[in-house]
Each structure stands twice: as structure tokens, then as C-alpha cells.
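**Q** Can you read through this structure? Questions will come right after.
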Amino acid sequence: MAAPAPARRRAAPSAPRPAATRSPGAAVAPAAPPRAAGVDVRPVRPGGERAPLRVVAPRPRHRRRAGRRTALAALAIAVAAPLSVVGLYADMTAGQVRLARLQQQLTAEQQRQNTLELRVARLENPSTIVAEARVQGMVPASKVTQIPEVPVGVEAAAPSTAASSQPRASVSTSGSRSSSTRSSTRS
Amino acid sequence: MSEGHREVSSVPLERPGTRRSSGLERVHRPPGAGRGFERRPRLSPGDRGRGGGGTGPRGDGSGRGGGPPSRGARPGSPGHRVRLMQVVVAVAFAALVIRLVEFQLTSAPTYRTLGAQETVVTQTVPALRGPIYDREGGVLAMSQPVDVVVADPRIIDHPRSEAGALAPLLGISSTTLDTELSNRSTGYVVLDRTLASGTGTKVANLGLRGITLTPSSQRIEVDGSLAAPLLGSVDAAGVGASGIEYQYQKVLAGHPGSTVQAVSPSGVVLPGTAHSTAVARAGTGVELTISQPLQYETEQALAAGVAKAHATNGIAVVMDPRTGDILAMASMVRDAATGAVTEAPQNLAVTQVYEPGSAFKLVTFSAALQDGIITPDTVVEVPSVLPIDGALFHDAWAHPAEPMTASQILAESSNMGTILIAEKLGAARLAAQIHRLGFGQPTGLGFPGASAGLVKPVSQWSPTAIGSTPIGQDTGVTAQQLLDMFATVANGGVAVPPRLVAATISPGGTVHRVPRARGRRLIAAGADAELVKMMESVATPIGTAPAAAVPGYLVAGKTGTSQIPDPATGGYTPGAFWGTFAGFAPAQDPALAAVVVMTHPQPIYGGSVSAPVFSTIMQYALHHYAVPAAPGSASQPLPPTPAQVGAAPTIGVG
């Protein structure tokens, strides 16, 4: 159990595992030496020989700037996109409210028109006109004279005069049979 | 390594054979040592295994704790538990996935609907019913948007204050409202069914809890009951129930819309969420051929006539014989108890079937004139009585056998003379003329409940039918059918089907005229002209209806007085009559035709009760439509007498 365990390519543990947690009899690997941050750990070759060390070139400066820009852009998009959605939604809602208000106005105007139409219809109906005429003292004409249409240059004939309809309350049938007692019994 | 250095309670906190995984165990501490628990390092399985006996729970050396250290997937080993947990987690995830798939695919619509029901409310927007206009564009009936105000007393906390707020808007006393809103036995109280929309908005703005407004519409007959039997009515749901409202339900109804809106749990509509899923489309308007002023005058004249004659009911119809347009159609009933005359509950002009009596003689005379059986001057030897198959027919007045011209027979309405002419004509030709003039068939108006009349086919005529049918018995007609015949005569023998609807008007105002039906010649022009001449004598002093005359115009017409059948006895009801007058004017160029019928009038004669109403209506109508008066001083011509004709009787008994 003296064979050393291969070094592990991972960050150096802050502390070795407590031996007490291991099973009795199991080989305990020696603790890996602490590594400095940024130091490449060279792989161990099968023959136990380590690869030669080499200098790693630092990351180019412009690439770091580009990466920063990309990150900033992504952040800006991440912030701006939801804000834009919220803004658009707010605008849409405002539009809907405006639309609803206009529809309410339209409905109100239609109702007003309907009410006015009804009012006009009620004022125009015959019973209203008759009642208003009576209030103003109007009475049915006792006779109606028709003026015939006469061509220019032709002497007009005397207009025919027709007795107007009597008020309905005074409609009488009393005279309808006066001329013939025989006919009064016929259908 | 061993727990032997600690004093562990001998009372296990777990059942034997189980392990605590929290690493906490009850440790007996001496009094005053603080909490009864302290953290103790978890023991490894090997440690526990090696513990062997001791005073612990498994200190007896039995069970797993006392055995040799285990390897692999023994029950209770970490590997076993991990695999068990993996299975449990896998099963749980599988269940979640299955449920998720079920939610997202199978049950998605159901849950979506259930979810929507919690927040989304669909409200039906009623479509305004189309208006009904008269021929001059006057509104006869129209719909108004209203709100139905409903209260739920079960969720109203302050009924008195809400009643106080609602009272002035609803026009209901605060006390009454308070009583209704305090009645928690019901959750649905209709406070107002016809609240004007403007007022409804004010009620809604009050934001009262438990008060709901539902949009609806109200049908309004602008002039009250004018033409009510013709227009008909709508039921509580706004659907046509009778008359034109029923006949044109599909046209007038329109299409209701719907609005979807989100509401809060308390029922408040969330602003900006309402949107129409279907826009309400108002119904199409219907323009009738009726003239509102003439309808009013006709109803007034008929009501006065019915009241004066103490009739049970009365019918009056005015028509343009040239176009078939019905200009007025009135049906009135009289309350026997109070004497009040009001609009009939149904349109009697097309639904009441009655025996027309002598007005039906026009059928006999038109057929006889057309077939050359008679001329206006044909002299008929009229007997005092006429026996037919054992039945005795006689005239309405007693007279000896005497010669009369055909014109006199029509003017004086002699039953004997008419029957003799009908016998000469023959039953088959008379029956054919009855059918040709449209009796026993629908008028074409399509009015709900309209009757086609009752006409027996000639094969079912009784032996006495040749005596009764020519004078208007044994045949049931409607007033409209009778007027159609007179309109045909007025129109030179050409029948133009009657119509009540002139056009439909879309909500956008587009007018679609209903095409007029083409006329059909039913009576030869020559025979028709002779018949009109004979009918002019009816409205003379020796005719049966001098009261039908219209000053300044020549009137042609015919009276009818007929008995009312008694279904119980199969005979006629003693003393019960129908009185009819139908005619047209001006006789030389007819512009208007009309019929007036009264049921149970006193006096009984059509010339006495119906003819004056006809005259009143015609005077107004002729002036209203500016129909030129007859040139000169027109007077109704008297019928020629046998002496004037100077001919011997050609028709008589035997």
C-alpha cells in the first residue's frame, strides 16, 4: 500500500480528508501538495517523468476587452429586453383603456341617438299631433275644396267642394235609411 | 473511537434495528448542564460494527451492529440506499413527467377553461331588434337598450344605505327597496327590468356591492297600441310572439354579440381587459305598407262605429287595389261590461272567418256577367219566396213577385234575384268562380294564424247550396279575402296579391324593396266594368248603403248582413249578425278599397253600421292621398228599372 496515488488535476483541497472517516485497512493517499493559483500542473507521464515546463502566454488584451464588451452587451440585453416588454405591454394596456373609453363613448352616443329617434317618433305619431292640435284649438275643416290642376291658358272650372269628414264622435247612421224604408231592411 | 466513554441513555429514541440519520441523539446530562441534546459525531458503519456489545441500543451484540463489516449492496448499506433513492427519485420524476404531459397535452383545455372561469367572464351583448316603419318612414315599433338591475341580498351588508342610493335612480321608494334588499332568503331580486341605459351607467358608477346590471333591450310601440294586432308582440326574452314581430322574427332579431373581460375575485372588471369576441349586429328593419296616419284614422273611425253599434268587435282594412298594398288594418273589440273599445288581441282581419252574406253576391254577378248570363239591364222575375229542395228562401223584405233588373237586384241586394241568376249560372261555374277569386286559399300575406277560409268543394254541396252559396252563406271567408275580391273588381278584374311589407332596411340604412307580385286577370275587363257600374248604385238612396257615399267621389260597393252560426245547434244564432260593407273609390278610377265588418252590431245591417265607417275612412284617405274628386258634382247613379230598360224578364223561376 506504499504506492503513491497519482496527483489529481483539481484545485487544492483546503484540508486533507480526515483519516478517521476512512475504512480501516484502506490505503491512505498522501495529501496532494498545495498548488498556487494559475500554476499549470503538468501531467505525469506513464514512466513517472513529468512534462517539461513551458511559459503560457497571457491572454491577449483585446480579447479580454471583447469579452468584456460581449458581457456588457449581454447584460444590457438582459436588462433592456424585459424592460422593453414591460414598456410595450404598458403601451398596449394604455391603448386598450383608450379603446374601451372610445367604445363607451360610441355606445353612449348610439344610445343618445336611439333615445332621440324615439322622442322624434313619439312627437310625430298621429295621436300626439291630434292632441296637440286640439290643445291649440284646431278643429276638422267643415269642408274641403279641391283645386283642380289647370293648364296655363285654359279657363278653370269651378272647384268641387267636398264636405269634410265629421268628427268621429258625431258619426251618424241615422239618415242612411231615411229615403227608403224598404231598403233599410235589406242587407 | 468507541462511544464507551460517553454516558448514553439506555432508553433508545428509535426503534431497535433503525438508525438515526441526523447525527443527534439524546444524551443524558446531569441536571443544570443545559440542553438535553448535543451534537455527536456520526459513527461510521465500521465503527458501529466494531462496537460489539456495550450499553447502546445494540449493545447486545445482535443485529447488524454486532456483525462483521459488510461490503457491496447489502440491505442498509450506502450503495443499497443510494440505489433505492435513485429508484424512488426516478419513479417520482416519472410520475411528475407523466402528470406534466397529462396537464400539458391531454387535460390542457379542461384546465385552461377552469382557470379562465375563475377570472374571465363572458357577457352577452344583446342585439337591438330592428325597427318597424310605416310606408312613410314613421316608426311604429323600435327597441331601446336598457339594463336589468338585479340584487343579491345575501351579499349586501348595508341594505338601507344601498336602498337610499338606488331609490332616486330606480324611481322606487327607499322603503320598498330596503325591504327587498334585506330579504336574505333569496339571492336574486330583479329591481328593474327596463332601466334606461344612461341611468344604468349611474347605478353602475355607484359601485354598490351585490347590485348587478345586465344589458338588455326593450321593445317600444311608439304610438301605444296603434296597429297592435298587426304588429304583434314580443315575449319577455324579446322574441316575436305574434303578428309581424313573429312573422319577421329572423329578419328583426339581429345577432347578439359577446364580450370577454377579466374580473377580480370580488367581481370588479379589470380595466383594459374587455374585448369583443363577437360584435352585436342590430336587426334589420321592416317597412310596412301601412300608413300611420290612415291607420290612426281607421282605428278611430272603427272604434267609434263599434261603440255606436254596440258591436262585439269590428274590422277595417284599407288597400290600394292597384298595388295590393294594405294601407290600414284595424281590429277592435268592445268590452261588454265597460263599453270600452280597444285593439283586439289578434288580427281579426285575417284570422276571423265569417259568412260574408250579400257581399259575396259579387262572386255570382261577376261570373254571370263574364259568362254572358246577364247584363246590368237583364230583367229577372223575382219571386217573393223560392223553394229549393224543401227549403224556402226569401228576401230580407216582403214583396210580391216583381221584375227587377240585374242592377236593381245588386243594388237592393235581392236574395231571390241572385239565386235565380246563380241557378242559371250553375253550381260548377259558381264554384269555379269562388275558387278563382281566391276563397278557400291563403291570401299570400303569410300572416301568423291567417285562415284560408272555409269553402266546400262543389262535390260536397248540399241540394240547397245553390240557394245559400250565391248569397254568401255556407262559405267562410276572412275580411281580407273579401277585400281582395273587391280590389280585383276595382283594378279592372286584375288581382294583385295583397302585401304588408314593402321593404327591409339594413342597420346601415340600405333599403331592399320587396318586389311586387304580378297581377292576374280574374274577371274579363268588360264584365268588370259593368259590375263596377252596377255597384255604384249600392250607395244610392234606393241602394242598401247610401251612408257609404263620400261627398265629391263616386263610391262602388256592396253590403252584407249575415247570421252568425251556432255551433251547438248547427243552425244560426237568433238575433246575431255580421254587418259588412266593402267597396272602393273613386269608382271611375279606383285608388282605394276598403272593407268594414262588425260582429253583433245593433242595428244589424252592414249598410247601417259598417257603411258609415267606410265613408269616414274613405273621406280621410282620399283627401290624405290627394285623390282627385269626380269632375263636376258627382252623384251615385241609380240602377235602371225594368221600365227604363223596356225589356221582358229573361230569368225567372223554372
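The values are calculated or read from the model by the stated rules, or taken from the named source; none is laboratory data. The model shown is predicted, which means the values in this text are computed figures rather than measured ones. Using ideal geometry, Cβ is built from the backbone for each residue, glycine included, and neighbour counts are taken over all protein chains shown. Each accessible area value is taken on the protein alone, full model and side chains, heavy atoms only, with ligands, DNA and RNA left out. Shrake-Rupley method; radii C 1.70, N 1.55, O 1.52, S 1.80 Å.
**Q** Could you provide, to the nearest whole Å², the per residue accessible area of chain B with probe 1.4 Å?
**A** 45
**Q** Could you give the angle, 0 to 90 degrees to the nearest 10, between helix B:108-119's Cα long axis and the longest principal axis of the Cα atoms of chain B?
**A** Taking the Cα atoms of chain B, the angle to B:108-119 is about 80 degrees.
**Q** On to the next question. Of all alpha-carbon pairs in the stretch B:88-195, indicate the percentage at a distance above 25 angstrom.
**A** The calculated P(r) of the stretch B:88-195 puts 59 percent of pairs beyond 25 Å.
**Q** Compute the long axis of helix B:415-425 from its Cα atoms, compare it with the longest principal axis of the Cα atoms of chain B, and write down the angle in degrees, 0 to 90, nearest 10.
**A** Between helix and principal axis, roughly 80 degrees.
**Q** For chain B, find the longest principal axis of its Cα atoms and tell me its angle to the long axis of helix B:78-101, 0 to 90°, nearest 10.
**A** The helix B:78-101 is inclined about 10 degrees to chain B.
**Q** Of all alpha-carbon pairs in chain B, indicate the percentage at a distance above 32 angstrom.
**A** 65
**Q** Run the helix sum for chain B: -39,500 (n - 2.57) per DSSP H stretch of 4+ residues, divided by residue count, reported at 222 nm to the nearest 500 deg cm²/dmol.
**A** Result for chain B: -9000 deg cm²/dmol, rounded to the nearest 500.
**Q** Could you pull the Rg and Dmax for the stretch B:421-466, using just the Cα atoms, both in Å?
**A** Cα-based Rg and Dmax for the stretch B:421-466 come out at 12.6, 40 Å.
**Q** Taking amide H positions as placed 1.01 Å from N in the peptide plane, with prolines and chain starts having none, which residues 5 or more places from B:Val125, or on another chain, fall under 5 Å of its amide H?
**A** B:Gly257, B:Ser258, B:Thr259
**Q** So in chain B, what percent of DSSP beta bridges are antiparallel if you round to the nearest 5?
**A** Antiparallel: roughly 95 percent of the beta bridges in chain B.
**Q** Seen from all sides and averaged, what is the projected area of the convex hull of the Cα atoms in the stretch B:71-117, in nm²?
**A** If you wrap the Cα atoms of the stretch B:71-117 in a convex hull and average its projections, you get 4.1 nm².
**Q** Spelling out what I want: for every residue of the stretch B:195-209, take phi, set θ = phi - 60°, compute 6.51 cos²θ - 1.76 cosθ + 1.60 (Karplus), and round to whole Hz; glycine and proline get x.
**A** 7, 4, 4, x, 5, x, 4, 5, 5, 4, 5, 5, x, 7, 6
**Q** I need to check one value: relative contact order of chain B, counting alpha carbon pairs closer than 8 Å and at least 6 residues apart, in percent.
**A** 12
**Q** What residues qualify as long-range amide H neighbours of B:Asp395, i.e. H under 5 Å apart, gap of 5 or more or another chain, H built at 1.01 Å from N?
**A** Under 5 Å from the amide H of B:Asp395 lie the amide H atoms of B:Met416, each far enough along the sequence or on another chain.
**Q** Based on C-alpha coordinates, I'd like the Rg and Dmax of the stretch B:502-565, in Å.
**A** When restricted to Cα atoms, the stretch B:502-565 yields Rg and Dmax of 19.5, 57 Å.
**Q** Moving on. With charges only on Cβ, +1 for K and R and -1 for D and E, what is the dipole size of the stretch B:141-185 about its Cα centre, in debye, rounded to 20?
**A** 80
**Q** Once phi is turned into ³J(HN,Hα) by the Karplus curve 6.51 cos²θ - 1.76 cosθ + 1.60 with θ = phi - 60°, what whole-Hz value does each residue of the stretch B:234-250 show in order, with x for glycine and proline?
**A** Once θ is set to phi - 60°, the couplings for the stretch B:234-250 become 10, 7, 4, 8, x, 9, x, 10, 7, x, 4, 4, 7, 4, 10, 3, 5 Hz.
**Q** Here is a further query. Would you grab the residues whose amide H sits under 5 Å from the one on B:Arg521? Only those 5+ places off in sequence or on another chain, please, with H modelled 1.01 Å from N.
**A** Excluding prolines and chain starts, which carry no amide H, the hits are B:Ala495.
**Q** Average partner chain C-beta neighbours within 10 Å, per residue of B:125-138?
**A** If you average over the peptide's residues, the count of other-chain Cβ atoms is 1.
**Q** Out of every Cα pair in the stretch A:61-126, what percent are spaced more than 14 Å from each other?
**A** 77
**Q** State the dimensionless ratio Rg/Rh of the stretch B:544-654 (Rg: radius of gyration of Cα atoms; Rh: Kirkwood radius).
**A** Here the Rg-to-Rh quotient is 1.10.
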